[in-house]
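The structure appears right after this line, and notes come after that.
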Amino acid sequence: MEPNQAAQLVRQNNNDSRRALFEAYYKRTFAVAYQILRRRENAEDITQDAFIKAFQNLNQLQDAAKFGAWLAVIASNLARNYLKREKRILLTDEIPAFESAESRAGTEESALRSLEIERVRKAISSLPPDQYQVVVLQYYHDLKVDEIARLLKIRSGTVKSRLFRARQKLAAFLELDDGSACLTDEGGDRGRCQE
Amino acid sequence: MPGIEKMKLTDELIREALQREIDSINIPSADKAWIGIEAKLADPRLLRPVKRRVYTWYRMATVAAACLLVVLGAAGLFRATQFSAPLADSEMIADSEMGFGGADDMAALQVEDLPAEAEAPKDNSVRIFVEEIPPPLGEKDPLPPDWPLLLTDDYALGEAIILFAGGEPFYQGALYYGADAHLLLVKSAVVDEELVPFLDHLGRHLQLDLLPGEKKEEFIVFTFEESSGLARQTADGNQALLDLSGSISSEELVNTALTLD
């Protein structure tokens, strides 16, 4: 869904518009909750709670176009709070293997690319919730560092620090060079890896 | 594996990996989820936020003291009615009035038989030995301001309350619940008020002694019971952030308060 579309639906705030927002963002919101909790039934509950909380507090959303990212923050915070309350790591569902169209097509290059993506996917699933949250917001929701900071109500420096640690962790998991964990530039540009 | 050691952790790779992650997850039925959401949004009873039970010491003390008050009050009233009438031979009290034994028992009862501490109090007053009952923090605010939904990523808005003074609403507050701590954020609409009188006034509302201490950043740190809080002046009136659970350091509280900007 385009941000403008989402903004319009947020402003309407009636049953039909809420249904449309739900249809557009349900999958990714569930995915965020599931990635942290790793249990379907808990993720379902958290996803429902996140939507309810979002719909009840739509007037608090300052930038209606950022509804998706805001919802992801609510869902990930609810999931993290749930984990803290339960005081246990839910080590459950296996990460399902993904067989992409490229790998099925059989070209070596595409198969290699698919393998790389799969490795990174597994690495991302090993990130702690606070780092996963900022990675999703930057790379999936395309937010800049200061936008993430505003949404999470933390300092930009904290966001940068979490992104850096996330990249370090990914690089370590993937057994890459130290230079692969590069800082983002001011303002949230992706930056160049210093290699 | 050939080529893997040359992999660069690029933004594009991370983005694709995240997309694949989301695509790979087996999503449960959206219709079922929507039915649940729609039902909760439509039914006001189901809209009540899930309140995490906060068993703070003063709530437990309130319940215990209330029970003690009822028991002691009943016992004291009973004793007061026993000793209000003089024990004279000429006055025989009917069974129904006494509620026990009756006239025969009264006749048998001699003052010198009673232990000293059982004597009626001279002024017939009922003495209740109970700890001071702290009042509840406030009542539900019917028109809350736009409190932040989240206070950092550790505290979620629980309820909006209003603190009363002399029957008139004075301070608006918001309770935030975290996994290990609970915070109270208070706003005052009075502008240009010095912080020390503000804390004194707020403390009387909360029935807490808020003791001002050192300055940190733009805040004054204050202590109460075995906990701490922060206060500052803003253009819109004073603010205070109290750690109700006593489990956060003042540094962490400052970091949390700074996110309010």
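Round to a whole number: what % of the accessible area of the stretch B:202-261 belongs to carbon and sulfur, probe 1.4 Å?
Percent of accessible area from carbon and sulfur atoms in the stretch B:202-261: 43.
At a probe radius of 1.4 Å, figure out the B/A buried accessible area, summed over both chains, and give it in Å² to the nearest 100.
5800 Å²
My understanding is that a pair violates if its Cα-Cα distance is over 30 Å; which of B:8/B:32; A:153/B:8; B:140/B:216; A:153/B:32; A:84/A:169; A:66/A:122 do that in this structure? Could you put the intermediate results ahead of the total?
On the way: B:8/B:32 42 Å; A:153/B:8 32 Å; B:140/B:216 32 Å; A:153/B:32 33 Å; A:84/A:169 22 Å; A:66/A:122 27 Å.
Exceeds cut-off: B:8/B:32; A:153/B:8; B:140/B:216; A:153/B:32.
List, largest first, the extents of the alpha carbons of the stretch B:149-246 along their principal axes, each in whole Å.
Principal-axis extents of the Cα atoms in the stretch B:149-246, largest first: 33, 32, 27 Å.
With all distinct Cα pairs included, what does the Kirkwood hydrodynamic radius of the stretch B:200-261 come out to in Å, to one decimal, could you say?
On the way: mean 1/r = 0.0851 Å⁻¹.
For the stretch B:200-261, inverting the mean 1/r across all distinct Cα pairs yields 11.7 Å.
The values are calculated or read from the model by the stated rules, or taken from the named source; none is laboratory data. Model, not experiment: these values are computed from the prediction. Quick note on the areas: whole protein, heavy atoms, side chains included, nothing else; ligands and nucleic acids left out. Shrake-Rupley method; radii C 1.70, N 1.55, O 1.52, S 1.80 Å.
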